[in-house]
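Colleague: Starting off with a structure, shown below.
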Amino acid sequence: MNHPLRENLEVYADQASEWIRCTQCLRVLCRANDNWRDSCARRLSPPTQAGPLLQELTEHFLLEQLYCPGCGALFNTDLVEEQKNGQEERTKPAKA
Amino acid sequence: MTMTVDPVTFEILSHRLHQITLEMGTTLERVGGTVNTTQMHDYMAALYTPDGNVLSAGESMARHAACAGFAVKRIKERFEESGGIYPDDIFLINDPYLAAIHQSDIYMVSPIHYKERLLGWSATFVHVMDIGAMSPGGNSPGATEICHEGLRIPGLKLVERGKLRQDVFDTLINMTRQPVMVGLDLKCEIAANNVAKSRMQEMIEHYGAELITSVSSDMIHHSESILRARIREIPDGVWTDSGAIETDETWRVVLTLTKERDRLTFDFTGSDKQARRGINLPYHATFGACFESVLSTLGYDLPRNHGAFGPINVIAPEGTVVNVQYPAPVSLNTTSGMKTVQYLSGSVLMQMLATSDKWKREVMALSLGFRLARHAGVNQHGRYYVSTLLDLSGAGATSYRDGMNSGGYLTAHNAEWIESNFPLMYLFRRHVTDGGGAGKFVGGAGAEAAMALHDAPEDKIKIIAFGVAGLRNSGQGIFGGYPAAPSLLMLLEESKLPGLIAQRKYPRELNELGGRRKLLPYSEVELKNDDVLYIRAASGGGYGDPLEREPQLVFEDVRNGLVSKATAEQIYGVIIEESTQLLNPTGTRELRLKLRQKRTQQPR
């Protein structure tokens, strides 16, 4: 059964299986049971990319954005914790 | 025995019950005297069935209406066994391990009898201005156990058969720093419960007890059956989210929502153990937050009552930050643990709604919290006082419109009222620029304010900083929407303000004030003559992709001072010509295309 998943994403069923795809360019990202986040184009940037008043979050958080690799539609924006070794840690587990 | 109620009578009487709760609220505001009750609407007024089930939660905080139902049940258990429950009695309870959320929120519950027969209950709470805790105002950053947090009352009879027990009343207010104002707080609750009783008795006199009982039962059944039907319309699934309460340590709260047929299970398994900081929530408060989230998403147009309990199951392991056990503290919880649980329960419900063609329109960006402060000292009239400072937060954007500026949590006090009652002077108070989270629909702007000491007899007052203490305490974007500017509470020590005033210069920006900037964590500090206190309320999170926002709307945001030209260009891809100050549609189209192409070049 087709149904929306979130803005710009939907669950789409064909005869074989269920898939998650971009509603703007219809690019299939993954199977419905897989984590669609793993198939996205991903950008990490300083929190001030979301606005100058997020200055205080610098050195503590990074702005993570997930896009459709086909058309650049934005699926998700989140703040993730910045770790001292330069890696970032997700503070939110993958959402359905 | 219940009667069959015709639909017209049902509508009239159910709305009349709702109206009684509104009149109770008005009574709290008119009889009360503190800023919390009269201006911030930090109160609750509701009606209950004889068993203590929510009959009408009114329009105040539904989480408290759920908790006050637990309060009625605890009072019934205690006083049916010993002490008795009689017409015109009024009981008081504020024990967070039994029913309240933290001690400052004092519940008063009152049986409603008609001709000696118990036909229901009314209940109120107000956040009293002091509760005898280690910090003025009750929210105690230094408390490591409940015994540091003031009076904890498991239930007592304050009014016996219509007569105030003056000895009990005097004892209670005598244990606080502000006996007069706390006395007024308690009396406004007595008044509101008396109003409820009178109005209910008038209804029963006019319509008869059997009809009122039938309508009550039908109201609860009506809400539950519609709510269950709505839940069934949404695909089954599992959604998760987690949040953090950040102070000197970080506590995680984890939530999984499982939707199966017409049932919603909120499972907090995996959340951190309870803290030795007052951020912990009792189980009934965690339940109340989930109840409120369900009502505000799927049941906003239904009678708000016990019917919403039916489809909800809340799992919160004992001894965690969402099901606190004795003796862990709780005094900071309404703006920390509670805000986190409210955010998470809302977040998983929003993810659920987004999977339904019928319900996805209701999706809204949510807020993780904000900062605020109590202030205490001797005022310009020579009296000791305790009160509250906060400012107006912005509401989150929805799937179809921008968030409301200043439309978020609670309401704020009037600046002139603050200045006339307390030794404070506002330097500015306004909406922030670039505060609302960007998106196809932008989050509402929060307010910012700076204030300084003025005419303070002791040349200082105490500031108790609390709220969600971490940096990420603001509106969170949803479905691509950007996070909003966080709430800040900052002290500018030894500022240039006295010099500026001497030169008759009026500071309009924080930078003009100089001074040493100190972000305030959970703490108690002094505000002295040369200092400035800056409060920035959280703005609302955005919804969707900022590159999909109508350029004309961005242009208007810039003209209204809510978005800067730099943000318009960098985040929204909207160009406003420097020379004409007009929107450049061609340049905007080209820039947006370029920004979008750049996105696809990001690594996976």
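None of the figures in this text is laboratory data; all of them are computed from the coordinates on show. Just so we're clear, the structure is a prediction, and the values are computed from it rather than from any experiment. Positions of Cβ are generated from backbone atoms using ideal geometry, with glycine treated the same way; all protein chains shown enter the neighbour counts.
Colleague: Once you place label points 7 Å from the Cα toward the Cβ at A:Ala32 and B:Lys163, how far apart are they in nm?
Modeller: Distance between label points: 7.0 nm.
Colleague: Something else now. Which shape class applies to segment B:128-227: rounded if a/c is under 1.5, otherwise prolate when a/b exceeds b/c and oblate if not, where a ≥ b ≥ c are the square roots of the Cα gyration tensor eigenvalues?
Modeller: Oblate, since a/c reaches 1.5 and b/c is not below a/b.
Colleague: Could I ask something else about it? So how much slack lies between B:Tyr86 and B:Met134, counting 0.36 nm per residue of separation and subtracting their Cα-Cα distance, in nm?
Modeller: That pair, B:Tyr86 and B:Met134, stretches by 13.7 nm at full extension.
Colleague: Moving on. Which of the lysines could be linked to B:Lys518 by a straight reach, that is with a Cα gap under 19 Å, when you skip same-chain ones fewer than 8 residues away?
Modeller: Hits, sequence-local ones excluded: B:Lys460, B:Lys462, B:Lys496, B:Lys528.
Colleague: Partner chain Cβ atoms within 10 Å, averaged over the residues of B:124-132 - can you pull that number for me?
Modeller: Mean shielding count: 0.
Colleague: Would you mind calculating the relative contact order of segment B:7-225 from Cα pairs under 8 angstrom and at least 6 residues apart, reporting the percent as a whole number?
Modeller: With pairs under 8 Å counted, the relative contact order is 24 percent.
Colleague: Another one. Under a Cβ-only charge scheme (Lys and Arg +1, Asp and Glu -1), can you give me the dipole magnitude of chain B about the Cα centre, in debye to the nearest 20?
Modeller: 1140 debye
Colleague: Would you please give the FRET efficiency between B:Ile315 and B:Arg232, computed as 1/(1 + (r/R0)^6) with r the Cβ-Cβ distance and R0 = 25 Å, to the nearest 0.05?
Modeller: 0.70
Colleague: If you don't mind, there's one more thing I want to ask. Could you compute the FRET efficiency for B:His221 and B:His15, with r as their C-beta to C-beta distance and R0 at 22 Å, rounded to 0.05?
Modeller: 0.85
Colleague: Another one. Could you tell me which residue out of B:Gly446, B:Asn414, B:Gly403 lies farthest along the dipole of segment B:401-452 toward its positive end? Charges go on the beta carbon: Lys and Arg +1, Asp and Glu -1, centred on the Cα centre.
Modeller: The one lying farthest along the dipole's positive direction is B:Gly403.
Colleague: List every DSSP H helix in chain B whose Cα atoms extend 20 Å or more along the helix's own long axis and whose mean Kyte-Doolittle hydropathy is at least -1.0.
Modeller: Answer set is B:7-31, B:62-81, B:179-207, B:209-232, B:283-298, B:337-353.
Colleague: Less than 11 Å from a label point 7 Å out along the Cα-to-Cβ axis of A:Gln15: which backbone N atoms in segment A:32-65 qualify, by residue?
Modeller: none
Colleague: Per DSSP helix of 4 or more residues, -39500 (n - 2.57); summed, then divided by the residues of chain B. What does that give at 222 nm, rounded to the nearest 500?
Modeller: -10000 deg cm²/dmol
Colleague: Rounded to whole Å, give me the distance from the Cα center of segment B:531-553 to that of segment B:32-68.
Modeller: First find each Cα centre; the distance between them is then 31 Å.
Colleague: Roughly how many Å is it from the Cα centre of segment B:458-490 to that of segment B:130-206, as a whole number?
Modeller: 30 Å
Colleague: Placing unit charges on C-beta atoms (Lys and Arg positive, Asp and Glu negative, everything else neutral), compute the dipole magnitude of chain A about its Cα centre in debye, rounded to 20.
Modeller: So the dipole magnitude of chain A works out to roughly 240 debye.
Colleague: Quick check on the protein assembly as shown: take the gyration tensor over C-alpha atoms, sort the square-rooted eigenvalues as a ≥ b ≥ c, and tell me if it's rounded (a/c under 1.5), prolate or oblate.
Modeller: oblate
Colleague: What whole-number distance in Å separates the alpha-carbon centres of segment B:288-327 and segment B:415-455?
Modeller: Comparing the Cα centres of segment B:288-327 and segment B:415-455, I get a distance of 32 Å.
Colleague: Using the charge dipole of the protein assembly as shown (Lys, Arg: +1 at Cβ; Asp, Glu: -1 at Cβ; taken about the Cα centre), state which of A:Cys30, B:Tyr283, B:Thr433 has its Cα farthest towards the positive end.
Modeller: Of the options given, the answer is A:Cys30.
Colleague: Need one number: nm distance between label points at B:Arg30 and B:Ile501, each 7 Å from Cα along Cα→Cβ, rounded to one decimal.
Modeller: Result: 3.9 nm between the two label points.
Colleague: Roughly speaking, what is the stretch gain from B:Ala566 to B:Tyr384, that is 0.36 nm per residue apart minus the C-alpha to C-alpha distance, in nm to one decimal?
Modeller: 60.8 nm
Colleague: Once Lys and Arg get +1 and Asp and Glu get -1 on their Cβ, which of B:Ser474, B:Pro179, B:Thr144 lies farthest toward the positive end of the dipole of the protein assembly as shown?
Modeller: Of the candidates, B:Ser474 comes out farthest on the positive side.
Colleague: Still on this structure, please answer the following. From Cα pairs below 8 angstrom and at least 6 apart in sequence, can you work out the relative contact order of segment B:364-544, rounded to a whole percent?
Modeller: 33 percent
Colleague: Tell me, what is the Rg over Rh of segment B:7-225, with Rh the Kirkwood radius over Cα pairs?
Modeller: 0.97
Colleague: Let me ask something else. Ignore the peptide's own chain and count Cβ atoms of other chains within 10 Å of each Cβ in A:62-74; give me the average, rounded.
Modeller: The shielding value for this peptide is 5.
Colleague: On to the next question. Going from the alpha-carbon gyration tensor of segment B:192-272, what semi-axes, largest first and in whole Å, does one get by taking the root of 5 times each eigenvalue?
Modeller: Largest first, segment B:192-272 gives 41, 23, 7 Å.
Colleague: What FRET efficiency comes out for B:Arg117 versus B:Arg361 if R0 is 41 angstrom and r is the Cβ-Cβ distance? Round to the nearest 0.05.
Modeller: Taking R0 as 41 Å, the efficiency between B:Arg117 and B:Arg361 is 0.35.
Colleague: Can you give me the long-range amide H partners of B:Leu427? Hydrogens built in the peptide plane at 1.01 Å from N, cutoff under 5 Å, separation of 5 or more residues or another chain.
Modeller: The list, which skips near neighbours in sequence, is B:Ala450, B:Met451, B:Ala452.
Colleague: Pop a pseudo-label 7 angstrom from the Cα along the beta-carbon direction at both B:Arg559 and B:Thr250 and give the gap in nm to one decimal.
Modeller: Using points 7 Å along Cα→Cβ, the separation is 4.4 nm.
Colleague: Taking a label point 7 Å from the Cα of A:Arg42 along the Cα→Cβ vector, which residues of segment B:528-554 have an amide N closer than 17 Å to it?
Modeller: Output list for this probe position: empty.
Colleague: Can you tell me the dipole magnitude for the protein assembly as shown around its Cα centre, using point charges on the Cβ only (Lys, Arg +1; Asp, Glu -1), in Debye to the nearest 20?
Modeller: In debye, rounded to 20, the protein assembly as shown gives about 1040.
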